[in-house]
Amino acid sequence: MKSRLLVLTAALALSTSTLALAQTQPVERREIGNQILENVPTADPSIRASLARYQNARSASFQDWASAGGMLIVTRFGNTNQIHQVAAPGADRSQLTFHDEPVSGVHTLPANGTSTGEILFSKDTGGDEWFQLFVRDASGKETQLTEAGTRNQSPAWSGDGKVLVWSRATKGSANYDVVMRDPAAPGGRRVIFQGEGQVSPIDVSPDGRTVLLGRYFSIGESKRWLLDVATGKTTELNPVKGKVSYDGGVFTPGGKSVLMLSDEGSDFMRLVEFDLATGKKALVSGERRWDVEDFKLSGDGRVLAYVVNEDGYSKLVVQDFRTRRALPQPELPGGVVSNLAFSADGGKLGFSLATPTASSDAWSFDLASGQVTRWTASELGGLDAKALVSPELVRFPSFDKRSIPAFVYKPKLAAGQKAPVIIDIHGGPEGQSRPTFNPFHQHTTAELGAAVIVTNVRGSSGYGKTFLNLDNAEKREDSVKDIGALLDWIKTQPDLDPNRVVVYGQSYGGYMSLAVMTHYSDRLAGGVERYGISNFVSFLQNTEAYRRDLRRAEYGDERDPKMLKAFETISPLNNVGKITKPMLVMQGWNDPRVPKSESDQVVAKLREKGVETWYVQFKDEGHGFAKKINNDRRREVETQFLQKVLGVGAAQ
């Protein structure tokens, strides 16, 4: 152990010395409010003008049905997303919260003897992800339920609203406790379970006596327990040998069974009912070759709705839960469905729907009439929806003959023209790029004349757990080889220019962008990476404690000499000398996942090697940029960079 610690210490010391050396290099630095721009030229005003319509496109996310009638949605009319109420389809959006920080996780709590019409929501500070929970009563008064300096998530409650629980982590700890709202306790809350690892309440039984608990180990392994609220005793649900992944969970009315998503005995997630008395399991969603990714049961237990992820597109299925017979099915545009919730009377199903040519909006499905209704029609900033590009779903063979899926957005070209290409790689790595509205993709194709290829390399979710596990631990760079295969595929396309390709990614996609640049710099025009991992060792040591073991389960454990050696080989920071093309790096100061130090050290090393490197920082953001003013700047700089390295637009 001592020798391993010495190696880790030496690695960190090396990155620190590199940073000190690079700081001696000349850097042109500008500060604009909370934004820091290094080596970024002043943008031509025409760039902002061309971006304005795309950046002012709005969206609306259905959250829940309002107790006073209508829907609760999250949308943005200023700088951040806030809660709004929509009384009826097409009605005005009435704003309910007015915070500088965006709000999320909005739910209507059931009315009981002590509360009526409470709205539960979550909010952090500057993207730090130390979420606090708040309730807003019918008068508009907001009360914070949680303690400052803690991270609170996964609220769950009983059907009568009297029991409300959530998970809580503290600084420096990887463990979550389960906390219950209790007006009689100090601070109005008490711990009912001291957890180990990432433990979360999933649901509360109808009588409020039992909490369904979940512990997440990795995307491929989780467990479920039943917690007795009175005694604190836990009983494992479905104890089996081997690893099983669960997602979600809900007690059926009467509390005699639990519905959950599970991949037990399958390569895909399926909806299963667990009988609590007998332990018997019944498959509810049937055999499918795609994941079931979300579900909701009506309050009376009569109707079940679930979403199947079919090659990235959502299929919404509605059935009678008791008889298992299909009901009239909603006919929806091709896109992605999320945030299911039944109305209190069970007669309507609310959800969000986003398509490639329409940003997310709130919709409902009337079970009696079979009618689908769009409640909000979010503005596209003046864009012509008919002129927007829908992607083509393609597959290309990788180095091992495995088929890799990708969505391809292409611009309109004159005969004989070839479009430059941006390869967009999602984060995660256990994520999936989906066919939803993306202003970046639409602006790039329409205004820059470039194609965007949004690929789901091995390790992506949505294609079964075999595909998901193909990039684990020492196989990490096999996903990088998938991008090499994509570069080969681009060369075969008559309308794509293989000499003008940029790789682009955020979070884990940021790591992929850096890694691809170290392997294929001679085939690329440049790279864009936002808050990406530059060194797996320093990343694992500096990411927040509540995430560290979860990331080790995916990437590998740097304390293992074998993995340490692998990390030293593949970490982009140790291979920066292979990057010869310009790079744009972006980072939020408050990022708890991929700390700012990951970007600082790779920028320093790139500059030391003489690579042109633009660096943009936001003091009031975390892992991702949630404020419009910052996203406007981000897109402006990205456009400048792409114009320069691809030779398109005003900067060519």
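The values are calculated or read from the model by the stated rules, or taken from the named source; none is laboratory data. Everything quoted here is computed from the prediction, not taken from an experiment. Note: ideal-geometry Cβ built from the backbone for every residue, glycine included; neighbour counts use all protein chains shown.
Figures for the structure shown
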{"quantity": "Every pair of residues 6+ apart whose Cβ atoms lie under 9 Å, when the first sits in the stretch 427-448 and is assigned to a loop (DSSP other than H, G, I, E, B) and buried (at least 20 other Cβ atoms within 10 Å of the Cβ) while the second is of a type in the set (Lys, Arg) and modelled with pLDDT under 95", "calculated": "PRO429/ARG476"}
{"quantity": "When residues of the stretch 554-567 are limited to those that are buried (at least 17 other Cβ atoms within 10 Å of the Cβ) and assigned to a helix (DSSP H, G or I), the one nearest to the chain's Cα centre (by Cα)", "calculated": "GLU554"}
{"quantity": "Cβ pairs under 7 Å, 6+ apart, first in the stretch 223-235 and closer than 15 Å to MET260 by Cβ and touching a residue at least 24 places away in the same chain (Cβ under 8 Å), second hydrophobic (A, V, I, L, M, F, W, C) and assigned to a strand (DSSP E or B)", "calculated": "ARG224/LEU212; ARG224/LEU213; ARG224/LEU237; ARG224/MET260; LEU226/LEU212; LEU226/LEU237"}
{"quantity": "Pick from the stretch 368-390, criterion at pLDDT 95 or above and in contact with a Lys or Arg (Cβ under 8 Å, 6 or more places away or on another chain), ranking: nearest to GLN55 (Cα to Cα)", "calculated": "VAL389"}
{"quantity": "Test: residue in the stretch 277-286 that is part of a strand (DSSP E or B) and of a type in the set (Val, Ile, Thr)", "calculated": "no"}
{"quantity": "Meets criteria (within 23 Å of ARG48 (Cα to Cα) and out of contact with any His (no Cβ under 8 Å at 6 or more places or on another chain)) for ASN630", "calculated": "yes"}
{"quantity": "Test: residue in the stretch 454-463 that is closer than 22 Å to VAL648 by Cα and either surrounded by 15 or more Cβ atoms within 10 Å (Cβ to Cβ) or among the hydrophobic types (A, V, I, L, M, F, W, C) (or both)", "calculated": "yes"}
{"quantity": "Residues located in the stretch 68-97, provided they are polar (S, T, N, Q) and touching a residue at least 60 places away in the same chain (Cβ under 8 Å)", "calculated": "THR75, ASN79, THR80, ASN81"}
{"quantity": "Residue in the stretch 227-249 that is outside any loop (DSSP other than H, G, I, E, B), within 14 Å of GLY159 (Cβ to Cβ) and under 28 Å from the mean Cα position of the chain (by Cα) present", "calculated": "no"}
{"quantity": "Qualifying residue in the stretch 316-338 (condition: surrounded by 15 or more Cβ atoms within 10 Å (Cβ to Cβ), assigned to a loop (DSSP other than H, G, I, E, B), among the aliphatic types (A, V, I, L, M) and modelled with pLDDT of 95 or more)", "calculated": "yes"}
{"quantity": "Hits in the stretch 236-252 (condition: in contact with a Ser or Thr (Cβ under 9 Å, 6 or more places away or on another chain) and touching a residue at least 40 places away in the same chain (Cβ under 8 Å))", "calculated": "ASN238, SER245, ASP247, PHE251"}
{"quantity": "Single condition VAL372 does not satisfy, out of (1) in contact with an Asp or Glu (Cβ under 8 Å, 6 or more places away or on another chain); (2) surrounded by fewer than 22 Cβ atoms within 10 Å (Cβ to Cβ); (3) in contact (Cβ under 8 Å) with a residue 60 or more places away in the chain", "calculated": "(3)"}
{"quantity": "Identity of the residue in the stretch 257-297, under 22 Å from PHE365 (Cβ atoms) and not hydrophobic (A, V, I, L, M, F, W, C), that ends up modelled with the lowest pLDDT", "calculated": "GLY286"}
{"quantity": "Pairs where the first residue, in the stretch 265-279, is over 17 Å from GLU236 (Cβ atoms) and the second is among the basic types (Lys, Arg) and part of a strand (DSSP E or B), C-beta under 9 Å, 6+ apart", "calculated": "GLU273/LYS281"}
{"quantity": "Candidates VAL594, VAL611 - the one that is in a loop (DSSP other than H, G, I, E, B), out of contact with any Leu (no Cβ under 8 Å at 6 or more places or on another chain), buried (at least 24 other Cβ atoms within 10 Å of the Cβ) and β-branched (Val, Ile, Thr)", "calculated": "VAL594"}
{"quantity": "For GLY159: the one exception among (1) modelled with pLDDT of 95 or more; (2) surrounded by 16 or more Cβ atoms within 10 Å (Cβ to Cβ)", "calculated": "(1)"}
{"quantity": "LYS581, sole failed condition from (1) assigned to a helix (DSSP H, G or I); (2) surrounded by fewer than 20 Cβ atoms within 10 Å (Cβ to Cβ)", "calculated": "(1)"}
{"quantity": "Residue match in the stretch 401-417 (condition: touching a His at 6+ places or on another chain (Cβ under 7 Å), part of a strand (DSSP E or B), surrounded by 21 or more Cβ atoms within 10 Å (Cβ to Cβ) and at pLDDT 95 or above)", "calculated": "yes"}
{"quantity": "Matching residues, the stretch 432-455, being of a type in the set (Gly, Ala, Ser) and within 17 Å of ALA354 (Cα to Cα)", "calculated": "SER433"}
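This table checks each residue for (1) out of contact with any Gly (no Cβ under 7 Å at 6 or more places or on another chain); (2) of a type in the set (Phe, Trp, Tyr); (3) within 21 Å of LEU164 (Cα to Cα).
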site	(1), (2), (3)
VAL191	yes, no, yes
SER200	no, no, yes
ASP203	no, no, yes
ARG209	yes, no, yes
THR231	yes, no, yes
THR234	yes, no, yes
LYS243	no, no, no
THR252	no, no, yes
